Amino acid sequence: MEEIGPVEYMIVAFPGNQFTGEIAPALGKLIESNTIRVIDLAFVSKDADGSVAAFELSDIDEEIRRGLDALGLEATGLLGEEDLMDAAADLEPGSSAAMLLWEDVWAAELATALRGAGGELVVIGRIPHDVVTEAREALLAAANTTQEG
């Protein structure tokens, strides 16, 4: 059986339904470099009246769809209706969200080695971008103050 790397997901909200195709080239670079493998991609929206609709690649704006189709993405159905409705619950009215499920291809070999060595994953997490940016800025400001003093 082929080893699979860690699988992650994200839900990205687009207030005002301002989803554009700008994401496709960045996603394409990750796919082409064999960093990730997209497993599923789906979309959900919430109208101004709170009505929720789930849709797939074939249902989105043609220009955006062409950019994503060029990546060879196909909906696999792993992100089911329940997942989409859960994501929609947190959306503001008049917003949409993209749900992406991917394999971290880059980590498959490391994951195999860790398991082979008897390792067990205890914690994994993400540090929000704003927290990292603020910490870096504080370190740079402190370093500049030290150099000036």
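A98 meets the stated requirement of being of a type in the set (A, V, I, L, M, F, W, C), open to solvent by less than 80 Å² (accessible area, probe 1.4 Å), at pLDDT 85 or above and not in a helix (DSSP H, G or I).
Residues that are out of contact with any Lys or Arg (no Cβ under 8 Å at 6 or more places or on another chain), in contact (Cβ under 8 Å) with a residue 60 or more places away in the chain and not hydrophobic (A, V, I, L, M, F, W, C) within region 94-131 comprise D104, E109, T112, listed in sequence order.
Among the residues of region 1-12, what is the count of those that are touching a residue at least 24 places away in the same chain (Cβ under 8 Å) and open to solvent by 60 Å² or more (accessible area, probe 1.4 Å)? Spell out the reasoning first.
Of all residues in region 1-12, those touching a residue at least 24 places away in the same chain (Cβ under 8 Å) come to 3-12.
Pick out the ones that are also open to solvent by 60 Å² or more (accessible area, probe 1.4 Å) and you get 3-4, 7, 9-11.
Qualifying residue count for the region: 6.
The values are calculated or read from the model by the stated rules, or taken from the named source; none is laboratory data. The structure presented is a predicted model; accordingly, all values stated were derived computationally and were not measured. Note: ideal-geometry Cβ built from the backbone for every residue, glycine included; neighbour counts use all protein chains shown. Calculation scope for accessible area: heavy atoms of the full protein, side chains included, ligands and nucleic acids excluded. Shrake-Rupley method; radii C 1.70, N 1.55, O 1.52, S 1.80 Å.
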